[in-house]
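Below is one structure, written out as structure tokens; comments come after it.
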Amino acid sequence: MLRTVAGMQVVGAGTDPDSDLPAIEALRPDVVLVGLRTGQSLQQVRLLTATLPESIVVVLSNSGSSLMRRACLRAGGSYCFDKTLEVDELHSTLLEIAMRGQPSSGP
């Protein structure tokens, strides 16, 4: 899906934000997508936002509950989506983010 977002380029992928943090920090991406499983600690989100305060952190969760969404946002996530039920919303948000990063096309 990420390849279909015009203006966005995937520069890396990993399986564990804790062990992948040095590579993420070196890349300094504009956007970081991190997947959480229900019940998993939000410490990864806190660590990512503390290490990369200029990056947009998008949290993908197995739960789209308002409680989970608030917890993700309080942990520092910029956005939080249910990764199975909110794919269209995620795609739209990524398109918006990519468009904000595009230079204007003239006066």
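The values are calculated or read from the model by the stated rules, or taken from the named source; none is laboratory data. Just so it is clear, the structure is predicted and the values come from calculations on it, not from any experiment. Note: ideal-geometry Cβ built from the backbone for every residue, glycine included; neighbour counts use all protein chains shown.
Details
- Number of the exception - MET99 against (1) in a helix (DSSP H, G or I); (2) surrounded by fewer than 17 Cβ atoms within 10 Å (Cβ to Cβ); (3) modelled with pLDDT of 90 or more: (3)
- Unmet criterion (only one of (1) of a type outside the set (A, V, I, L, M); (2) buried (at least 19 other Cβ atoms within 10 Å of the Cβ); (3) modelled with pLDDT of 90 or more) for ARG28: (2)
- Within the stretch 20-37, residues that are farther than 16 Å from MET68 by Cβ and without any contact (Cβ under 8 Å) to a residue 24 or more places away in the chain reach partners that are hydrophobic (A, V, I, L, M, F, W, C) and surrounded by fewer than 14 Cβ atoms within 10 Å (Cβ to Cβ) with beta carbons closer than 9 Å, at six or more positions or on different chains, in the pairs ASP20/ALA13; LEU27/VAL11.
- The stretch 83-96, residues that are of a type outside the set (S, T, N, Q), within 17 Å of MET68 (Cβ to Cβ) and either touching a strand residue (DSSP E or B) at 6+ places or on another chain (Cβ under 6 Å) or exposed (fewer than 15 other Cβ atoms within 10 Å of the Cβ) (or both): LYS83, LEU85, VAL87, GLU89, LEU90
- Filter pass, ALA71 being among the small types (Gly, Ala, Ser), touching a helix residue (DSSP H, G or I) at 6+ places or on another chain (Cβ under 8 Å), surrounded by 15 or more Cβ atoms within 10 Å (Cβ to Cβ) and more than 23 Å from MET1 (Cα to Cα): no
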